[in-house]
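To start, the structure under review is shown below, and the notes come after it.
The values are calculated or read from the model by the stated rules, or taken from the named source; none is laboratory data. None of the values given here were measured: they were computed from a predicted structure. Here the Cβ positions follow ideal geometry from the backbone for every residue, glycine too, while neighbour counts run over all protein chains shown.
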Amino acid sequence: MDTNNFEETIKPFFWVAHKSSFSVCLNAGSYKPEIFETREDEGFEGNGYDWGSLARVFLDERKPHLAEYVRFDPEAGMFCAYSSNPESLKEFIVDFKKACEDDAVINDLFSRAELD
């Protein structure tokens, strides 16, 4: 994977290296609010938990081979995915960001997300 522009490619998500694991996070609320507005009557707000639900559908349907490596730990104000395998997490976030930028794909995936 070309990592020269990795951090720029995944924005507004951001990469965090820890001692023995890695995280990718998003300050929830400002990125793609229109996705969650389509289901706000069901209780979706675009918070970290909602992003976690959306990311879970993406992982399960589009990247099942990464499911054993990528975990989620969202909070109200932040989405967070983490792994001890940096290459798996990088593959996940690069492809998840691409999906987020494709309205048809992300809305289709979100149609199957469940409130956390």
In segment 97-107, anything part of a helix (DSSP H, G or I) and farther than 10 Å from I35 by Cα is listed as K97, K98, A99, A104, V105
Scanning segment 85-110 for residues that are polar (S, T, N, Q) and farther than 13 Å from W51 by Cα, which turns out surrounded by the fewest Cβ atoms within 10 Å (Cβ to Cβ)? N85
Matching residues, segment 32-50, being under 10 Å from A76 (Cα atoms) and aromatic (F, W, Y): Y49
Residues satisfying the stated conditions in segment 17-31, i.e. within 13 Å of F79 (Cα to Cα) and in contact with a Phe, Trp or Tyr (Cβ under 9 Å, 6 or more places away or on another chain): S23, V24, C25, L26, N27, A28, Y31
Would you call V24 over 26 Å from S111 (Cα atoms) and touching a Cys at 6+ places or on another chain (Cβ under 9 Å)? no
Regarding segment 87-102, can at least one residue be identified that is closer than 15 Å to L115 by Cβ, touching a residue at least 40 places away in the same chain (Cβ under 8 Å) and not charged (D, E, K, R)? no
Would you check if F13 is modelled with pLDDT of 95 or more and within 12 Å of M78 (Cα to Cα)? yes
Residue list for segment 67-82, filter: closer than 19 Å to A17 by Cβ, in contact (Cβ under 8 Å) with a residue 24 or more places away in the chain and more than 13 Å from the chain's Cα centre (by Cα): none
